[in-house]
Structures are given as structure tokens and as C-alpha cells.
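J.: Below is a structure I'd like to ask you about.
Rule-based calculations on the coordinates, nothing more; no lab input. Every value quoted in this text rests on a predicted model; they were computed, and no experiment measured them.
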Amino acid sequence: MINFVATPDNLTEEGKEQLEKSVQASMQSLMVLLITQNKTNFSARYGALTALNETFIKVSHIHKQKMKEGDQHRQKLRDLLIEQCVFDYRPTN
């Protein structure tokens with residue numbers, strides 16, 4: 001079976017398994033719906049939706065990586081904001 005899920009790192013093994021089962025059930029439901037609606041174009045439509053799903057997974061992964069790269073910068077800005085709000089600190093430069 002095709003792996004449709006890019007599981008988050010913070011899920012337990014049980015959570016990852018449950019997520020995978022849920023996604024597989026959803027994809028099977030989509031398959032039934034597409035077959036029911038139009039049997040002649042089923043494979044092309046299912047393939048296009050599967051490719052779109054893979055694109056969403058890739059874009060989400062790239063976004064997650066970019067957010068992780070910016071964590072240190074956001075932490076510095078947050079610390080500066082806290083200093084300004086709590087201690088009325090203003091940098092001199």
C-alpha cells in the first residue's frame with residue numbers, strides 16, 4: 001500500500017499507526033466515490049488527487065523545515081519583546 005502520510009515526529013507509534021489507518025480509510029472512500037461518479041476517468045482522477053496529496057505533503061515538510069530554521073531568530077525576538085514589555089528595556093542602538 002502507498003504511504004500517504006508524512007507523520008509528525010511528536011506522535012507515538014500508536015498515534016502514527018492510527019493516523020495511517022485513518023488516511024488509508026479516507027483514500028479508500030475517495031476511490032469508491034470516484035469510481036461511483038465516473039468509472040471511465042477514475043484512474044486519471046485518482047492519480048491526479050494522489051499526486052496532489054504528495055505535493056501537499058512535500059510543501060508541508062518544506063514549510064516545517066523553514067519554521068524550524070527560524071526558531072532561534074523568533075526566540076531572540078520574543079526575548080527582546082518580553083524585556084521591553086516587562087522591564088521597559090529599550091536597546092540603545
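J.: For segment 13-87, what are the per-bin percents of Cα-Cα distances with bins 10 Å wide, up to the bin holding the maximum?
T.: The distribution over segment 13-87 is 16, 25, 23, 16, 12, 7, 1, given as percents.
J.: From the helices alone, meaning DSSP H stretches of at least four residues, give me the mean residue ellipticity at 222 nm for the chain, per-run term -39500 (n - 2.57), in deg cm²/dmol to the nearest 500.
T.: The helix-only estimate for the chain comes to -26500 deg cm²/dmol at 222 nm.
J.: Let me ask something additional. Short version: ³J(HN,Hα) in whole Hz for each residue of segment 66-75, in order, from phi by Karplus 6.51 cos²θ - 1.76 cosθ + 1.60 (θ = phi - 60°), x for Gly and Pro, what are they?
T.: Here the 3J(HN,Hα) series is 5, 5, 5, 5, x, 4, 5, 5, 4, 4 Hz.
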